[in-house]
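Have a look at the structure below before the remarks.
Coordinate-derived values only; no laboratory data. What you see is a predicted model, and the numbers here were worked out from it, not measured in a lab. Heads up, the Cβs are rebuilt from the backbone with ideal geometry, glycines too, and the neighbour counts pull from every protein chain shown.
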Amino acid sequence: MYKRCVLVGFLLLSLISANANAENMPGRVLLLAKASYNVEHAVKKVKKRYQGKVLKAEKIKSKGPVVFKVKVLMPGGRIKNVYVDGTSGDVFEP
């Protein structure tokens, strides 16, 4: 019986501390969820940088920050996947 009470006590303490941590992070969660760019903005940035034809653009589903994947047909006929950060607008390759 004593072991059960101790175990329940530890579980309650861990739940309380997890809740306290979650309350301290609302700004960070909002920052991650708020994207400054949409798919159209991402396509414009990629076209400007690569001068290729955009074949497909989509938002990548993730729990982290918003990222867009843009598939570009390059002038030489090569297909390149490029990514755009939805918060900062940075264009990057894998």
Per the charge dipole of the stretch 35-94 (beta-carbon charges, Lys/Arg positive, Asp/Glu negative, Cα centre), the residue among ALA42, VAL66, GLY76 reaching farthest to the positive end is GLY76
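Which of the peptides 84-93, 60-69 is most tightly packed, and how do the rest follow, judged by the mean count of other Cβ atoms within 10 Å per residue? Please report the intermediate quantities before stating the final value.
Numbers: 84-93: 15.5, 60-69: 13.5.
Put in order of decreasing packing, that is 84-93, 60-69.
Test of understanding: what is the full-extension gain from HIS41 to ASN81, defined as 0.36 nm times their sequence separation minus their Cα-Cα distance? Walk me through the numbers on the way to the answer.
Details: separation 40, 0.36 × 40 = 14.40 nm, distance 1.63 nm.
Taking HIS41 through ASN81 to full extension adds about 12.8 nm, to one decimal.
Arrange the peptides 76-82, 52-58 so that the one whose residues have, on average, the most other Cβ atoms within 10 Å appears first.
Values: 76-82: 11.6, 52-58: 14.1.
With the highest mean Cβ count within 10 Å placed first, the list reads 52-58, 76-82.
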